[in-house]
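Here's the structure, in structure tokens; my notes come after.
The numbers here are math on the coordinates, done by the rules we state, and not lab data. Just so you know, these numbers come straight off a predicted model, no measurement behind them. Neighbour counts run over all protein chains shown; Cβ positions are idealised from the backbone, glycine included.
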């Protein structure tokens, strides 16, 4: 099992460009999550999907959109990237119930 | 505002000693508690979870939960240099709206000195 996979691993964008971060999991988890991690700020939830067909905003959703394509895949889109979106982005998937979450390897995004 | 607080460290311990990491949380009804380890440049890795008051042991790791005092701790016995990492505490809120979310602390950086 690959667990949670993310693409790309690294990306550099110019201000105003758009891009989609891809995430897939093969653990048959219902819930999936997108976080960003910044120095001194910890992990902050951007969006999550409790189950296929549903998405909800987290703590810092502005400037992002998500799509839960199917049970396995959950993508994060930046429509018009800004330097404030420079961060490391982690996708996670989770079990129902007590909500253990398992993280992908991350995407390091720099917006110039 | 749900909060999870951790001392940012760094916490330095000699090899072979016990490392004690602490976490407090503000939401009294929180249900589940997790410890993640994050090596520099890597993603968080789940190492322990605890749901009930008391201690839970897994190898060299022991998680301790005290819901009345709203704290959870992680003890690492016989600390090794490979344990040097940032440890994140995460808390699952009560059942209901938002129960799928985890609130993370900012982490405690542990350094085990050979």
message: Can you give me the distance in nm between label points at residue A:86 and residue A:71, each placed 7 Å from the Cα along the Cα-to-Cβ direction?
response: 4.1 nm
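Please compute, over every Cα-Cα pair in segment A:12-60, the percentage with a separation greater than 13 angstrom. Before the final figure, lay out the partial values.
Values: 803 of 1176 pairs.
Taking all Cα-Cα pairs of segment A:12-60, the fraction more than 13 Å apart is 68 percent.
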Per-selection Rg to Rh, the protein assembly as shown - Cα, Kirkwood hydrodynamic radius: 0.97
message: Show me the ranking of peptides A:54-61, A:7-14, B:69-76 by mean Cβ neighbours inside 10 Å, starting with the highest.
response: B:69-76, A:54-61, A:7-14
- prompt: Which FRET efficiency value, to the nearest 0.05, do you get for residue A:57 and residue A:28 by plugging their Cβ-Cβ distance into 1/(1 + (r/R0)^6) with R0 = 30 Å?
  reply: 0.75
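For an R0 of 22 angstrom, estimate the FRET efficiency from the Cβ-Cβ distance between residue B:45 and residue B:11 and round to the nearest 0.05. Intermediate results must be reported in sequence, preceding the final value.
Numbers: r = 19 Å, r/R0 = 0.84.
That pair, residue B:45 with residue B:11, gives E of 0.75.
Is the shape of segment B:16-67 best called rounded, prolate or oblate, per the rule: a/c under 1.5 gives rounded, else a/b larger than b/c gives prolate, else oblate, with a ≥ b ≥ c the square roots of the Cα gyration tensor eigenvalues? Please list the in-between numbers first.
Numbers: a/c = 1.92, a/b = 1.32, b/c = 1.45.
The shape class here is oblate.
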- request: Just the number, please: Stokes-Einstein D of chain B in µm²/s, Kirkwood Rh from C-alpha pairs, 20 °C, 1.002 mPa s.
  value: 151 µm²/s
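Among A:41, A:19, rank each residue by its count of other Cβ atoms within 10 Å, from fewest to most, as a rough exposure measure. Write out the running numbers ahead of the final one.
Working: A:41 11, A:19 15.
By the 10 Å Cβ count, ascending: A:41, A:19.
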- prompt: With the contact rule set at Cα under 8 Å and sequence spacing of 6 or more, what percent relative contact order holds for segment A:1-105?
  reply: 33 percent
- request: Quote the convex hull volume per residue of chain A, based on C-alpha atoms, as a whole number of Å³.
  value: 92 Å³
